[in-house]
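Working notes for the structure below.
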Amino acid sequence: MIEEVNVVVKPSESADIEKLKLLAAAETNRELGNINHIEILKRSIDARGRSVKINLRLKLYINETPDEKQIWELHPIQAREVKNQKEIYIVGAGPAGLFAALQAIENGCKPIIIERGKSVRDRRRDLAAINKNHVVNSDSNYCFGEGGAGTYSDGKLYTRSGKRGSINKVLHTFVHHGADVQILIDAHPHIGTNKLPKIIENMRAAIIECGGEILFNHRLEDIHWSNHQLNGISICSVETGSITQLKTDKLILATGHSARDIYRLLDKNKITIEAKPFALGLRVEHPQSLIDSIQYHCAVNEVMDTRRYLPAASYSLVEQVNHRGVYSFCMCPGGIIAPCATAPGEIVTNGWSPSKRNNPFANSGIVVEVNEIDFKPYQNFHALAGMQFQAAVEQNAWQHGGMTQTAPAQRLVDFVNKTISSDLPTCSYQPGVASVDLHQVLPVAVADRLRLAFGMFGKKMKGYLTNEAIVVGVESRTSTPVRIPRHNDTLCHIAVNGLYPCGEGAGYAGGIVSAAMDGIKCANAACG
Ligand SMILES: Cc1cc2nc3c(=O)[nH]c(=O)nc-3n(C[C@H](O)[C@H](O)[C@H](O)COP(=O)(O)OP(=O)(O)OC[C@H]3O[C@@H](n4cnc5c(N)ncnc54)[C@H](O)[C@@H]3O)c2cc1C
């Protein structure tokens, strides 16, 4: 028979199967000899108390031997031949677009993905050009290209959007395409930037094998509609500039939150869009050993020992400051700060980590909610006011950084004290950092709240507020500044039938998993 049980263990015991069997036997009053096999179903770290604990949910095989194939009941996509089936166009090969394509196949439709960027492999050269030469290709960068913004990321796979779809389906699909099964166990799973590209390539291969198509280096240039119905699209070859018109009455628009040209296109074509609040701030970077010592309650010189059984520590911080939320965003333990601009003349930061999270730095966005009050100077842009505000801050950061991809930065305590740093600590941001007054870079409403919040965070996490840490500007692409409204039931745009606004760029997701779930939903709606 099979039984499940929860146990709480020390980190050093969490991978010791014999110890776990003993604990499970005691917990369930079973004879140790009758437990033939145990499987860890869920794992989470509890670092709230003085000594760190690991919570495990175990599956016990009592007088039973598991069938290896059943240990992980993977749910691969239902592969079908769709070459000659009804076509669904999908713009954007990010998580939303890729999962929409896989779901379209399950539903018996042929997905055709249009992606402005390059394949994951070819994209690497453009990332190197940003990091080394400060050259930003506006079609291929950390946000644009196969796999979307999530490809060169930490690959954190947790979401609070459980109600929006099946998180398990998304996780199992990643595992089916090569992700480690541990992502099904960990409470806070992540894949890592070194592993994501291969998984994305495998997803592409699955789509093509079933008869789907992916057109890289092609940008959506125009959307044609009349009488509330989508008629077709125009796409432009990034390499030759040639325009092709395609007839279609179904388009899943999954272009992410950095595709400003798409928001402008919708606005120009009178396809309703709305300004929406988002969040803006800085990326902070500490030595990982400092964060480990704070989170795991040990001295910095004891971290090596403590970390033998524990991963690089993460944190999550939130405060209300003068009626606005200030919170940590996309924390990357053992990570690197990435230059995520999508056009020349702007600075945008985000972060990534390898699967082992073994870089010596811990970085995180720390952002303040911004809304229409902040967008007021741009109100003539109407629905694009938030986007213009966001772009202006990114351009200001570029000016202050020295008009390259060098990012404006300050030591953390100096930022809080409004003092320009005389020098800067080593920082993982590869294009380099320049010492400036970040209060000149950010709007006052944001900078002042950040100062106060860092003070509060320093009280919550003793040692966090230190000049060993650096703040780098700006963290501005936390979520979309524009919503593309759609009907709740059909998921079609409120004015254009057949147009399915999808994923993060449309305002229906925030992160890899929720974008993937929205892709699945939109494909179900479009194929129905
Ligand atoms: C460095 C970094 C690290 C991140 N880390 C994490 C993390 O650890 N966990 C997490 O959950 N989230 C993370 N995110 C956020 C996550 O990547 C996004 O939430 C997610 O990718 C959104 O998915 P999407 O498919 O909606 O859009 P995107 O991933 O943005 O994909 C949109 C795609 O559309 C394409 N496109 C845009 N315009 C056009 C056009 N005109 N024509 C054709 N194609 C177009 C783009 O090239 C892009 O490939 C990170 C983001 C970045 C940049």
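The values are calculated or read from the model by the stated rules, or taken from the named source; none is laboratory data. Remember, it's a predicted structure, so these values are computed and weren't measured experimentally. Every residue, glycine as well, gets a Cβ built from its backbone with ideal geometry; the counts of neighbours run over all protein chains shown. For accessibility, only protein heavy atoms count, side chains too; no ligands or nucleic acids. Shrake-Rupley method; radii C 1.70, N 1.55, O 1.52, S 1.80 Å.
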_Any hit, the stretch 276-287, residues being touching a Cys at 6+ places or on another chain (Cβ under 8 Å), away from the ligand (no atom under 16 Å from the Cβ) and closer than 18 Å to Arg357 by Cα_ = no
*Is it the case that some residue within the stretch 10-26 is touching a residue at least 12 places away in the same chain (Cβ under 8 Å), polar (S, T, N, Q), out of contact with any His (no Cβ under 6 Å at 6 or more places or on another chain) and open to solvent by less than 70 Å² (accessible area, probe 1.4 Å)?*
yes
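Conditions tested, residue by residue: (1) open to solvent by 10 Å² or more (accessible area, probe 1.4 Å); (2) near the ligand (Cβ under 10 Å from one of its atoms); (3) free of Cβ contacts under 8 Å to residues at least 40 places away in the same chain.
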site: Arg121; (1), (2), (3): yes, no, no
site: Ile130; (1), (2), (3): no, no, no
site: Gly148; (1), (2), (3): no, yes, no
site: Ser153; (1), (2), (3): yes, yes, no
site: Gly178; (1), (2), (3): yes, no, yes
site: Ile199; (1), (2), (3): no, no, yes
site: Ile208; (1), (2), (3): yes, no, yes
site: Gly212; (1), (2), (3): no, no, no
*Within the stretch 356-394, track down each residue that is among the small types (Gly, Ala, Ser), in contact (Cβ under 8 Å) with a residue 40 or more places away in the chain and either part of a helix (DSSP H, G or I) or under 11 Å from Pro481 (Cα atoms) (or both).*
Ala383, Ala385, Gly386, Ala391
*Would you list the strands (runs of 3 or more DSSP E) that sit entirely within the stretch 215-329 and hold 3 or more residues that are open to solvent by less than 60 Å² (accessible area, probe 1.4 Å) and touching a strand residue (DSSP E or B) at 6+ places or on another chain (Cβ under 8 Å)?*
218-226, 229-237, 251-253, 278-287
*asked:* Out of the residues in the stretch 477-528 meeting the condition of being within 11 Å of the ligand (Cβ to nearest atom) and over 18 Å from the mean Cα position of the chain (by Cα), tell me which one is nearest to Val367 (Cα to Cα).
replied: Pro501
*Mind listing whichever residues of the stretch 75-91 are within 13 Å of the ligand (Cβ to nearest atom) and open to solvent by 10 Å² or more (accessible area, probe 1.4 Å)?*
Tyr89
*With respect to Gly33, determine if the residue is small (Gly, Ala, Ser), away from the ligand (no atom under 16 Å from the Cβ) and without any contact (Cβ under 8 Å) to a residue 60 or more places away in the chain.*
yes
*From Glu302, Glu274, Glu285, which residue is touching a Phe, Trp or Tyr at 6+ places or on another chain (Cβ under 7 Å), acidic (Asp, Glu) and either under 30 Å from Lys459 (Cβ atoms) or in contact (Cβ under 8 Å) with a residue 12 or more places away in the chain (or both)?*
Glu285
